Structure formats: C-alpha cells, structure tokens
1. Enumerate the amide H contacts of G16 below 5 Å, restricted to partners 5 or more residues apart or on another chain; note that Pro and chain-start residues carry no placed amide H.
2. Within the accessible area of the range 31-78, what % is carbon and sulfur when the probe is 1.4 Å and the other protein chains stay in place?
3. Please work out the FRET efficiency for the pair K107 and Q13, using the Cβ-Cβ distance as r and a Förster radius of 30 Å; give the result to the nearest 0.05.
4. What would the Debye equation give as log₁₀ I(q)/I(0) for the range 63-112 at q = 0.15, 0.23 Å⁻¹, counting only Cα atoms as equal point scatterers?
5. Loop only per DSSP, at most 16 neighbouring Cβ atoms within 10 Å: give me the trypsin sites (Lys or Arg not before Pro) in the range 7-49, ordered by residue number.
6. For the range 55-96, with every protein chain kept in place, what is the accessible area per residue (1.4 Å probe, Å²)?
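The values are calculated or read from the model by the stated rules, or taken from the named source; none is laboratory data. Since we're looking at a predicted model, the values are computed, not measured. Neighbour counts run over all protein chains shown; Cβ positions are idealised from the backbone, glycine included. We work out accessible area using only protein heavy atoms, side chains counted, and drop any ligands, DNA or RNA first. Shrake-Rupley method; radii C 1.70, N 1.55, O 1.52, S 1.80 Å.
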Amino acid sequence: QVQLMESGGGLVQAGGSLKLACEASGSIYSINAMGWYRQAPGKQRDLVARITRNGTTNYADSVKGRFTISRDNAKNTAFLQMNSLKPEDTAVYYCIALSWATNYWGKGILVTVST
C-alpha cells in the first residue's frame, strides 16, 4: 500500500503562483511514476502532469509552459510548481502514484484562482 499526502493548495489571484507537494509513504519501492490530476466542478478528472522515476515528464497542453512537475526521490515527494495561474485552473488537484499493480490516489487539495 502507498499513502499520499498532498499540501500547498489554497487561494491565489490570477497570474500568481502556487506549489503543490505530494509525499508518498508505505510501499514506495513499487512506485514507477507520480503525477497530478485535477477535477473542476461538473467536469471529469484530467491529467495535469506526470513524472517517471527517471525524470521523464509529460503535461496537459493547457498547462505546458506554466506548470512544472518535479520529483525528489530521496524524499519520496513530487512537486507541481504552478505559475501564471488562470481562473480556469481552479479545481481539486489529486496526486497519483502509479505502481506495478495499481494506482494510488491522494485525497485531493483545492486550488482556487480568483480574477
């Protein structure tokens, strides 16, 4: 089992920045990749960014150039640096850890971008 603890969400004005963190614990040896999804009210949960153990990243088109995902393997933590935030980035952000057998989800953290 893997447990994920998210932090760093909150309220920010448009154009501002936030940094999310997701710390994994438990069977961390099984984690191949970590990432972030988000779900806005009334919408489906979509991929924001993902990073593999060796550092390969991929991003949703809507956040390319604004968001950066990184990973500290020694601390079992993934980060999402979000810059130039827009109101449409408002959502609950979920951390995900992808392992050999299954995927693990965090509880989610709210990011609200005001106009």
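1. Excluding prolines and chain starts, which carry no amide H, the hits are L85.
2. Working: 1190 of 2640 Å².
The nonpolar share, carbon plus sulfur, comes to 45 percent.
3. Values: r = 25 Å, r/R0 = 0.85.
In this case the efficiency is close to 0.75.
4. One equal scatterer on each Cα of the range 63-112 leads to -0.51, -1.03.
5. Details: sites: K19, R38, K43, R45; in loops: K43, R45.
Here the sparse-neighbourhood loop sites are K43, R45.
6. Details: 1950 Å² over 42 residues.
Counting only protein heavy atoms, the per-residue value for the range 55-96 is 46 Å².
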